[in-house]
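Accompanying notes for the structure given below.
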Amino acid sequence: MTHDHDLVLRPTEAQISAALNPPPGRNGGDLVVETLAALGATTVFGLPGQHALGVFDALRRSDLRYIGLRVENNAGFAADAYGRITGEAAPLLLSTGPGALTSLAALQEAAAASAPVLAISSQIPTAGLGGGRHGYLHELPDQSASFRGVVKSVHTVRAQSQIPSAIEAAWKSALTAPHGPVWVEIPQDVLLAETSIPVVTGGDAFPEELPPRPELTAVAADLLSNAARPAIIAGGGVVRSDASGKLRQLAEVLQAPVVTTPGGKGAFPWKHPLSLQSWIEDRHTTDFLEDADVILVVGSGLGELSSNYHTFKPRGRVIQIEADLGKLESNHPALGIHADARLALQALLETVTPRSDEKAPERVREVLARVADRIAAQELTVEQDVLASVRRALPAGSPSFWDMTILAYWAWSAFDAKGSNLFHSAQGAGGLGYGFPAALGAAVADPSHPVLAVSGDGGALYSIAELATARQYDLNVTWLIVDDGGYGILREYMTDAFGQATATELSRPDYVALAESFGVPGVRTTPETLADDLSKALGSPGPSVVVLPAVLRMFAPTHLGSD
């Protein structure tokens, strides 16, 4: 018996001839770029370094487009966004030691958000591997150990013949659900040595599918079909698996209200009659979910932000669909279904019995009205107007990337993404500096729409050097910097907790003048003129900066017991 996977394609005569007569002047770096191209990569991000020069020299002999950033962490954020927008594994080229380690925060965000990033780093020469202290530049006893707790998989190459297989395995790992970052490291001498290995022409690293077990989806379908008050919590896994259409179908079949987590924003239409939007950090929403007799959680681990800081205590039966085993039933007992969200939702669609519930949209309206009344009582008109101005200015279909700043925290709950995979923030790992470099990566991935980045002045200083990158590649990104003179959210936290803030106030530059020094047009705006200024900037080709001097406040939390 012959199985399909036993079949091997026979090489053509031209392929045999090319293999037997590889062109001269190639090195290990050529094997890297050839493998990436064979796998379908078209663009790479990174920063050169002494040990990685073999790869960067090989780039000029390839058709790969190189986007060079000024800081490795920012290059990682750009690759993260490219992976989110395209669904492809975004190659990130790094050098050894300090260069590699500087990317760790970005790789943590990619891991938390399930963004496929293929990090390829150089290593010290092969003779130095094994933990001895040889005194090589950038030497670490075990460089890969620094990444094992962050990335999905680690691949160490020790010979040129291993390069294509290692990169192919890493590519497959990055794109197997749950998506995520992976790490490949290759010694300097392996990259620099001339190679006689044939040109890499084949690369079919199809990711493994993660279908649900049918007996589990049968039980889940029965529970949902017979529920009196079903509800759905949709997380980032719905966005990553491109399953928003199936989520909507299932919600409508079941007449089940849907709330999205910050990572799942856009997975369900904002103004749908069954949409609880993304007010998941609200006691009224939490109460509604606790009253549900069956809760379907799709693509979320119900972590801090997705459970109103662990105050959510479901009384009904929980069904959790999650591709990451580490998140499955980690916070609440559930009927756990280890599966890709898209495949699991499709299985449920094929199995559930439609149910009718004319009162479901009314119950949704009541919850949203209570949320609106709670916010209105706090006199936060400026904050709401600023967020509304951003929404008016941002064209439909344009993605936005938000740093860890007060306006982003508002956006997690109150911003209509107007589509799946259009709203992105650093809420996965929670590090500063994500917004602008990530927006650059998105603009590289899809130059057909302007891209918005939103930062506070504190986060902006993490990535200000990338104004040079934006100008060099003429990327269509508008950067909104909300300048409140410090780390605004930390100022609020500390004042609430201790009565005063420490280490939160910042001396900062004139951001408009600084942007213009890079050749990037800048404008200073006000809350009243923000919509027009931002719209004008987004409508102009190339990079731009809009600075909003404003001290914004957060709405009161409900997880501390207040209403």
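The order of the peptides 144-156, 320-332, 264-276 by mean Cβ neighbours within 10 Å, most packed first, is 264-276, 320-332, 144-156. By how many degrees, 0 to 90 and rounded to 10, does the Cα axis of helix 163-175 deviate from the longest principal axis of the chain? Rounded to the nearest ten degrees, it is 10.
Counting heavy atoms of the protein chains alone, Tyr462 has an accessible area of about 120 Å² for a 1.4 Å probe.
Considering only the other residues whose Cβ falls under 14 Å of the Cβ of Thr86, what net charge follows from Lys and Arg at +1 and Asp and Glu at -1? Net charge in that neighbourhood comes out at -1. Which of rounded, prolate, oblate describes region 141-225, given a ≥ b ≥ c as roots of the alpha-carbon gyration tensor eigenvalues and a/c under 1.5 marking rounded, otherwise prolate only if a/b is larger than b/c? Judged from the Cα gyration tensor, region 141-225 comes out oblate (a/c at least 1.5, b/c at or above a/b). The shape of region 404-511 comes out oblate: with a ≥ b ≥ c from the C-alpha gyration tensor, a/c is at least 1.5 while a/b does not beat b/c. Give the residue from Phe415, Leu467, Trp402 lying farthest towards the positive end of the charge dipole for region 362-493; charges sit on Cβ (+1 for Lys and Arg, -1 for Asp and Glu) and the dipole is referred to the Cα centre. Of the options given, the answer is Phe415. Quick one: helix 381-393 against the long Cα principal axis of the chain, what's the angle to the nearest 10°, folded into 0 to 90? In the chain, helix 381-393 runs at an angle near 50 degrees to the longest axis. Volume per residue of the convex hull around the Cα atoms, evaluated for region 284-379, comes out as 117 Å³. Relative contact order, whole percent, for the chain stands at 13, derived from Cα pairs under 8 Å and 6 or more residues apart. Bridgeable aspartates and glutamates around Lys152 (alpha carbons under 15 Å apart, same-chain partners fewer than 8 residues away excluded): Asp80, Glu109, Glu168, Glu185, Glu208, Asp324.
Between Ile167, Val386, Phe268, the Cα set farthest toward the positive side of the dipole of the chain (charges on each charged residue's Cβ, about the Cα centre) is that of Phe268.
Volume per residue for the chain equals 170 cubic angstrom (convex hull of Cα atoms). Ranking of Arg365, Arg524, Arg65 by solvent-accessible surface, largest first: Arg365, Arg524, Arg65 (1.4 Å probe, protein heavy atoms only, all chains present). Computed with every protein chain present, the accessible area of Met494 is close to 50 Å² [probe 1.4 Å]. If R0 is 41 Å, the Cβ-Cβ spacing of Ala145 and Asp222 corresponds to a FRET efficiency of close to 0.30. Other residues whose C-beta falls under 15 angstrom from the C-beta of Ala205 contribute a net charge of -4, scoring Lys and Arg +1 and Asp and Glu -1.
Pairs Lys172/Lys418; Lys246/Lys327; Lys418/Lys536; Lys265/Lys327; Lys246/Lys271: which are spaced more than 24 Å apart, C-alpha to C-alpha? Long pairs (Cα-Cα over 24 Å): Lys172/Lys418.
When you restrict to C-alpha pairs under 8 Å that are six or more residues apart and normalise by the size of region 148-276, the relative contact order lands at 19 percent. Each of Asp474, Asp457 has its accessible area taken with a 1.4 Å probe; listed largest first, they run Asp474, Asp457.
When peptides 333-339, 26-32 are sorted by average Cβ neighbour count within 10 Å, with the highest value leading, the order is 26-32, 333-339.
A simple charge model with +1 on the Cβ of Lys and Arg, -1 on the Cβ of Asp and Glu and nothing else charged puts the dipole of the chain at about 200 debye relative to its Cα centre.
The values are calculated or read from the model by the stated rules, or taken from the named source; none is laboratory data. This is a predicted model, so every value here is computed, not measured. No Cβ is skipped: glycine too gets one built from the backbone with ideal geometry, and neighbour counts run over all protein chains shown. Just so you know, the surface numbers come from the protein's heavy atoms only, side chains and all, with ligands and any DNA or RNA stripped out. Shrake-Rupley method; radii C 1.70, N 1.55, O 1.52, S 1.80 Å.
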